[in-house]
Amino acid sequence: MTEFFPFDQLTWPDVAALPRCTPLVIPLGLGYPMEQLANALGDPPRAGVLPAIPYGWTGSGLAVPSQLLSALLTNLLDSLHDDGFTQVYALCPQGLNLGLTHPWLALPLPANRQPDSNLQLPHETHKGKVIIIPIGQTEQHGYHLPLSTDTLIIEAISQGVAAAIPDQAMTLPVMSYGVSTHRQAFAGTLNCGGRAFEDFYLGVIDSLTQRGFDRIYLMSGHGGNSSFLVNVVKYAGERFPRIFCATAWLYLSGAAGVAALEKYRRSPRGGMGHACELETSLILHLRPELVHQERAVDEMDFMVTPDYYMDWVEGGSLIANPSWYDDTRTGAYGAGSLATAENGDRWFEAAVAEKIGQIAEIHTQHSQREARRQSGFGRWGNI
């Protein structure tokens, strides 16, 4: 009998140790019959299942043009091939053909999971709310944290926000894939590719806007997504001048969030970068069973100059992307050993509060701008 394991709960050394003949599967959606999947794979002793892509295809409730999803999925499969894995597959609902050049499997879904052309994500009743699009990443987080770290954190924050203010916001299912331009440095790090990532999310915004949703928050848990999401926001604003589409640098990056970090942090500057005191504390709070704290290695020997250094809210005016090999041996930037679940709880609550405030700002911006448009302000009077 095949043992299926969740790939994203591994650390990068765990991935590096996997036999390269281990089958790996990226599903579109959930609910596939696992016995049939094992049979389609040839009944291997073990197989890894990566996080499901939650939307993007016809019948998922939120579709984009198939070539956009295909380009993004191809880049993810290429990432695994580049890591040396020889049996890599997309898993699709039966009847869906994305024109992939990589091997793909098609299996039937149970009746309650079948693609449904009438399904709407989000539902029409959510018009007037801010639509949160949480985006994580599947990437290395040192020796001690799982590949799913960014995804787990932003999923919990987005759900916390939506639960606290259901009349103002709703959240889509989290997307577990983003952009990592350092992908080849450490095993298990996937990469959507910057252009495919931007095109996919512009397709998502196109779909939402055409259905009448006009307030959108691209909420990222991964720093590598940020510059690409800025591009998405800029293109979306130009394409759809009556929507308010926003993003932000991760979380705990506004004044109140930074104050919460500084109040409780135990590490000096450089201790909060990646797989660091902050991220480790948050995962100790959210999913302590996935933290291998005994493996944590502190690395703060980042090459610092006055205008280029690494900390949570990255400082300095220089923007660069030097090799990760220069600054870290383990994939960590920071002091994960100083993390505590208590601080994780504090920082999680502060992150949710920060995002609630940003949701309120999005509503205010949209309503004030729409009132000005309705009044015929400036060039709006000629449109």
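Couple of notes before you dig in:
- Subset of segment 297-314 that is under 23 Å from the mean Cα position of the chain (by Cα) and surrounded by 14 or more Cβ atoms within 10 Å (Cβ to Cβ) - its residue that is modelled with the lowest pLDDT: GLU314
- Within segment 228-256, the set of residues being without any contact (Cβ under 8 Å) to a residue 12 or more places away in the chain and in a loop (DSSP other than H, G, I, E, B) comprises PRO241 only.
- Test: residue in segment 272-279 that is outside any helix (DSSP H, G or I) and farther than 19 Å from LEU152 by Cα: no
- Residues that are in a helix (DSSP H, G or I), of a type in the set (A, V, I, L, M) and in contact with a helix residue (DSSP H, G or I) (Cβ under 9 Å, 6 or more places away or on another chain) do not occur anywhere in segment 312-329.
- From the options PRO23, PRO33, PRO13, residue that is within 29 Å of GLN184 (Cβ to Cβ) and either crowded, with 20+ Cβ neighbours inside 10 Å or in contact with a strand residue (DSSP E or B) (Cβ under 9 Å, 6 or more places away or on another chain) (or both): PRO23
- One residue stands out in segment 72-90 among those that are touching a helix residue (DSSP H, G or I) at 6+ places or on another chain (Cβ under 7 Å) and assigned to a strand (DSSP E or B): the one that is farthest from PRO33 (Cα to Cα), namely VAL88.
- Residues of segment 127-150 satisfying the condition of being of a type outside the set (S, T, N, Q), touching a Gly at 6+ places or on another chain (Cβ under 8 Å) and at negative phi: LYS127, PRO134, ILE135, GLY136, GLU139, HIS141, TYR143, HIS144, LEU145, LEU147, ASP150
- Residue within segment 5-24 that is under 22 Å from THR151 (Cα atoms) and modelled with pLDDT under 95 present: no
- Matching entry among LEU69, LEU119 (being hydrophobic (A, V, I, L, M, F, W, C) and in a loop (DSSP other than H, G, I, E, B)): LEU119
- Answer residue from segment 176-226, given it is among the β-branched types (Val, Ile, Thr) and modelled with pLDDT of 95 or more and is surrounded by the fewest Cβ atoms within 10 Å (Cβ to Cβ) among those: THR209
- Those residues of segment 122-169 which are assigned to a helix (DSSP H, G or I), crowded, with 18+ Cβ neighbours inside 10 Å and among the hydrophobic types (A, V, I, L, M, F, W, C), in sequence order: LEU152, ILE153, ILE154, ALA156, ILE157, VAL161, ALA162
- Only one entry in LEU109, LEU28 is closer than 21 Å to PHE197 by Cα and either surrounded by 15 or more Cβ atoms within 10 Å (Cβ to Cβ) or of a type in the set (Phe, Trp, Tyr) (or both), namely LEU28.
The values are calculated or read from the model by the stated rules, or taken from the named source; none is laboratory data. Quantities reported herein were computed from a predicted structural model and do not represent experimental measurements. Reconstructed Cβ throughout: ideal geometry from the backbone, glycine too, with neighbour counts over all protein chains shown.
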